[in-house]
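Single-structure report; data block below.
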Amino acid sequence: MLKFTLKRVVGLVPIMLMVTLIMFLLLQLTPGDPARVAAGADASEEMVQLFRERMGLDQPLLQQYGSWVAGLVRGDFGTSLQYGTPVSEMILRRAPVTISLTLTATILGLLVAVPAAMAAAYKPDRIVDRSTVFATTFGISLPDFFIGLLLVLVFAIEFDVLPALGYVPFTESPLRWSIHMILPAVTLGAAVAAELTRHMRASLRDIVGMEYMNTARVKGLGTVRVMGKHALRNAAVPVVTVLGLQIRRLLGGTVIVERIFSLDGLGSLIVQGVFARDFPVILGVGIVSALTVVVVNLAVDLSYGFLDPRVRVGA
Amino acid sequence: MTPSPAENAQPDLPLLRTESLSVSFVNRGTRTAVVSDVSFDVAAGECLAIVGESGSGKSVTAKAILGLLRGTNADVSGRILFAGRDLLRLSGRALDRVRGAEIGAVFQEPMTSLNPSFTVGNQVAESARRHLGMGRREAWDRAVEMLDRVGIANARQRAKAYPHEFSGGMRQRVMLAAALVTEPRLLVADEPTTALDVTIQARVLNLTRQLCDEMGSAALFITHDLGVVADIADRVHVMYAGEMVESATVYDLFESPRHPYTAGLLSCSPGLDAERGHLPVIRGSVPQPGEWPDGCRFHPRCPHAVEVVCTEGPVAIEATATGSVRCRRHAELRLDGVQSEVPVWAVRTPAGGH
Amino acid sequence: MSQATGLPGPTAMPPPRRASPSRGFLRRAVTQPRVVASAAALLVLVLVAVVGPHVAPHDPLSGELSRAFQPPGDGYLLGGDDLGRDILSRLLLATRISLLAAFQAVLIAFAVGVPVGLLSGYFGGLLDSVLMKFNDAAMSFPALILAIVIVGILGPSLTNAMVAIGAVYAPRVVRVVRGSTLAAREELYVKSAQAMGCAHSRVILRHILPNILSPLIVQASIMMGLAILAEASLSFLGLGVKPPTPSWGQMLGRSFQYLYRDPFSVVLVGAVISVTVLCFNVFGDGIRDSVGREVPK
């Protein structure tokens, strides 16, 4: 098991290298001279040269790449051209917001999807099932921002029940943190819930027809235990798989949601970076998001060994 | 659950009695009868076998008894009396108190009948926790004890293993352990050895019979294999096309069958009779539900069929000296049983209720 | 086929029939109501995009400040936006711009993805391994974020947004094409063509490509939906089309700023986007189901 884990973790390296390579190659596409762009339109030649040296652009490409990657590994994502602060610091400062958002969205999604899928699988082809299918198809097609905007309209403007912007750190006040998180998390979570319900319902349907479910029923364990223990446990793998796939969507969605709800997360950071042509910030957030996706997928992979006894290699 | 004194005081009430059990499946308005008017008894402690080919409705009968047809498109009518209570009329919760505690079950496919995500010990222990009120520790110990009893070596270690780490025969023993851990009064076994190697079959069967005897449990065996019947059953019912066509003790059935179908089955089964050369077959094939012929359902394939007598009107069950039979001509026919010098069964007296 | 006389007549060899899944699936597709409905809706949309801006009652790019936030009426059928421009006229132009942009993005994605996928799937080997590693890495980025990175590097503009979206979705096309190519490569007619000594290019173009068309069409439809959403997202953030030119996302982004004053525009534009994406999804799903094969999403 340990060897398996190690192999997978080591497998991260080539992918991440490729990710950095992609970022680096994209950077080379900057129209014009990046140093000049960064220094500003009417900067003097000396200023431009200064920027060039500061950005390491006077070295051969391979070397640039190498030293850049070495820096990344050390945690050095460069310095912001706007503020002069280390990009890693900026990312760390804003990460909690994005993490809160994605986590709560996922949890909300689960809280909705699990009961909905169980209900639909338990009593197939009745009203519950039909409406679930309809709701999920609908939910999957609605874009995140539309849901967000509608929610703001209804809850923040019309009824003025929930705040439409701002973020309160959890450590400061859990209550206010949750109140501010509700609308954004529901916005993101709706898509998660829809996708998750769809997949869960399909796998639960398969599971419910399995022979071991009959064994469980015949043992007189009662519906709750039969569904809750025997069925759900075997649905864990597909659920985790879907969640792993959702992380990409979620991270992309946070950009929009953070804008709608004025949250200072990584999404708004990268957008600001674009407006300011702040390349280190742009690349930094890009790499971090790719890294997150890769790590989450790795975690999902490893969890299979934990969740499905048949996958475990060796004792 | 201990039987109430009232039930014990009626020695003539069998442990399990089905009365006119009929099952039909309803699919988009069309109703197809699969089991019609099946009645039989299982006395406490006895081992009854229901024999039939696929399509005879025997598995559906077992499912009906176990309550596995609830929530499906099956329409079940008649009565299934277990210790006096009609299982069909019980609420879900009440049924769940009976299942697992007083009725245990073993199914055909050991590869898929155990949940792959839980340890073997867990799956045996959960019945004990649920029905015997045991705590985790106690139930686990009980499970290990049971696993040992069914012949799993090194039970304490193996209890922590997962189903995929066991062979088919071993898994079936686990199923047996899970079914018997609560010492139920009735064990329903639906083709428990069909999917196993021939060499393992005998062992698992004997184990099953032995444990049932030890616990005083009655057993209802569903099978298509007359060899199984010969091995362990006390009494036999033969099913054909959704009906009971004959019932008798094992000895009587094998020696002098009353129904042509039974005789046909006996002559077709390899190994029961050392004399035969090549294997005879019953001509024709089993009619599927929905295609049952009028009159005696076996008549198109019966070498003794006679016009009118066998072709018209539903045939009723009649009592015989040895049991019962559903054949209008049974009194006239002299059918061949198994001619063998060596008895094919171990001489047993029907196990009395303990 | 021999004649009815029973004599062995000249038997013409029937032309080698490719097991073409493309054949007949169109016929099946047309029978599904949801395919027809969504196709019709999309056709209407295209019509609007083509004809709309020509029949727009007002200038979409300029307006009268006195008519800012004017409710529907008095010449402005859908009301006026924050700068007093006619929303309807803007919407008509935005439809053309958004659809065109999405279409061009999908074109770019296919122009890059199809050749790469074909080559990678057909030749396999080292080329395939390297390309796939690259592809997998590219797909590790959340789509919107990668698009933002590209736009960030190239500079915000509609063209750059299109290029970015096309580049971001090209890996998906590569995956689908490669998958289908791998399957098609094993078909008997391909192997026999190779055995007969056909040049690789001929095999690929004549035998493999026609038979991966159906999954491609499905992908194209779904990708149009994705591209529209991506363009809308980028423009919403201000990273796409430059004002005063309207696009769906741009209008949405602008109306969002004035959500308190005029919620109607937001809902309107949002609904238009959602319905369009829904139509593309339903259409793509419908086609996929008609093919009857497992087509990767």
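Of all residues in segment B:154-187, those satisfying the criterion of being in contact (Cβ under 8 Å) with a residue 40 or more places away in the chain and more than 15 Å from B:Asn115 (Cα to Cα) are B:Gly169, B:Leu180, B:Val181, B:Thr182, B:Pro184, B:Arg185, B:Leu186, B:Leu187. All of (1) surrounded by 14 or more Cβ atoms within 10 Å (Cβ to Cβ); (2) polar (S, T, N, Q); (3) under 21 Å from A:Val281 (Cα atoms) hold for A:Thr104 with one exception: (3).
Among the residues of segment A:256-315, the ones that are of a type in the set (A, V, I, L, M), without any contact (Cβ under 8 Å) to a residue 24 or more places away in the chain and either assigned to a helix (DSSP H, G or I) or at the interface with chain C (Cβ under 9 Å from one of its Cβ atoms) (or both) come to 5 in all. Checked against the criterion of being in contact with a Ser or Thr (Cβ under 9 Å, 6 or more places away or on another chain), crowded, with 18+ Cβ neighbours inside 10 Å, more than 14 Å from chain C (Cβ to nearest Cβ) and modelled with pLDDT of 90 or more, segment A:71-92 contains one or more residues that satisfy it.
Residue count for segment B:85-138 satisfying the condition of being outside any helix (DSSP H, G or I), more than 9 Å from chain A (Cβ to nearest Cβ), small (Gly, Ala, Ser) and under 25 Å from B:Gly216 (Cβ atoms): 1.
The set of residues in segment B:150-181 that are among the hydrophobic types (A, V, I, L, M, F, W, C), assigned to a helix (DSSP H, G or I) and closer than 16 Å to B:Pro192 by Cβ comprises B:Met170, B:Val174, B:Met175, B:Leu176, B:Ala177, B:Ala178, B:Ala179, B:Leu180. The residues of segment C:255-270 that are more than 10 Å from chain A (Cβ to nearest Cβ), assigned to a helix (DSSP H, G or I) and either charged (D, E, K, R) or touching an Asp or Glu at 6+ places or on another chain (Cβ under 7 Å) (or both) amount to a single one, C:Ser265.
Scan C:Gly125, C:Gly121 and give me the residue that is at pLDDT below 90 and surrounded by fewer than 19 Cβ atoms within 10 Å (Cβ to Cβ).
Working: C:Gly121 fails: surrounded by fewer than 19 Cβ atoms within 10 Å (Cβ to Cβ).
Step by step, each of C:Gly125, C:Gly121 is checked, and only C:Gly125 is at pLDDT below 90 and surrounded by fewer than 19 Cβ atoms within 10 Å (Cβ to Cβ).
Being within 25 Å of C:Val275 (Cα to Cα), modelled with pLDDT under 85 and in contact with a Leu (Cβ under 6 Å, 6 or more places away or on another chain) holds for only one residue in C:Leu26, C:Leu78, C:Leu88, and it is C:Leu78. Count of segment A:224-251 residues, restricted to those that are within 14 Å of chain C (Cβ to nearest Cβ) and surrounded by 24 or more Cβ atoms within 10 Å (Cβ to Cβ), is 2.
Among the residues making up segment A:213-225, those that are part of a helix (DSSP H, G or I) and either farther than 20 Å from B:Pro110 by Cβ or touching a Pro at 6+ places or on another chain (Cβ under 6 Å) (or both) are A:Thr223, A:Val224, A:Arg225. Per the listing B:Ala161, B:Ala125, B:Ala105, B:Ala153, the residue uniquely farther than 27 Å from B:Asp225 by Cα, small (Gly, Ala, Ser) and buried (at least 21 other Cβ atoms within 10 Å of the Cβ) is B:Ala125. Listed by first and then second residue, the pairs linking a residue in segment B:54-67 that is touching a residue at least 12 places away in the same chain (Cβ under 8 Å) to a residue that is basic (Lys, Arg), with Cβ atoms under 7 Å apart and 6 or more places separating them unless they lie on different chains, are B:Leu66/B:Arg99; B:Gly67/B:Arg99. Residues that are surrounded by 18 or more Cβ atoms within 10 Å (Cβ to Cβ) and in a helix (DSSP H, G or I) were ranked within segment A:138-149; the one that is farthest from the other protein chains (Cβ to nearest Cβ) is A:Gly139. Out of all the residues in segment A:159-173, is one or more outside any loop (DSSP other than H, G, I, E, B) and within 13 Å of chain C (Cβ to nearest Cβ)? For segment A:159-173, residues outside any loop (DSSP other than H, G, I, E, B) and within 13 Å of chain C (Cβ to nearest Cβ): absent. Within segment C:168-182, residues that are in contact (Cβ under 8 Å) with a residue 40 or more places away in the chain reach partners that are outside any helix (DSSP H, G or I) and crowded, with 24+ Cβ neighbours inside 10 Å with beta carbons closer than 9 Å, at six or more positions or on different chains, in the pairs C:Val168/C:Phe141. State yes or no: is B:Asp197 of a type in the set (Asp, Glu) and in contact (Cβ under 8 Å) with a residue 40 or more places away in the chain? No, not satisfied. For A:Arg52, the criteria (1) modelled with pLDDT of 80 or more; (2) assigned to a helix (DSSP H, G or I) hold in every case but one, which is (1). For segment A:94-106, the criterion of being away from every other protein chain (no Cβ under 14 Å), more than 27 Å from A:Met181 (Cα to Cα), without any contact (Cβ under 8 Å) to a residue 12 or more places away in the chain and out of contact with any strand residue (DSSP E or B) (no Cβ under 9 Å at 6 or more places or on another chain) is met by no residue.
How many residues does segment B:30-49 hold that are within 21 Å of B:Met215 (Cβ to Cβ) and either in contact with a Leu (Cβ under 6 Å, 6 or more places away or on another chain) or among the aliphatic types (A, V, I, L, M) (or both)?
5
Within segment A:209-223, the set of residues being crowded, with 22+ Cβ neighbours inside 10 Å and not charged (D, E, K, R) comprises A:Tyr212, A:Thr215, A:Ala216, A:Val218, A:Gly220, A:Leu221. Condition first: in contact with a Gly (Cβ under 9 Å, 6 or more places away or on another chain), surrounded by 18 or more Cβ atoms within 10 Å (Cβ to Cβ) and under 18 Å from B:Gly52 (Cα atoms). Can you find one or more residues in segment B:306-319 that meet it? Within segment B:306-319, not a single residue is in contact with a Gly (Cβ under 9 Å, 6 or more places away or on another chain), surrounded by 18 or more Cβ atoms within 10 Å (Cβ to Cβ) and under 18 Å from B:Gly52 (Cα atoms).
The values are calculated or read from the model by the stated rules, or taken from the named source; none is laboratory data. Please read all numbers here as calculations on a predicted model, not as lab measurements. With ideal geometry, Cβ positions are generated from the backbone for all residues, glycine too; neighbour counts draw on all protein chains shown.
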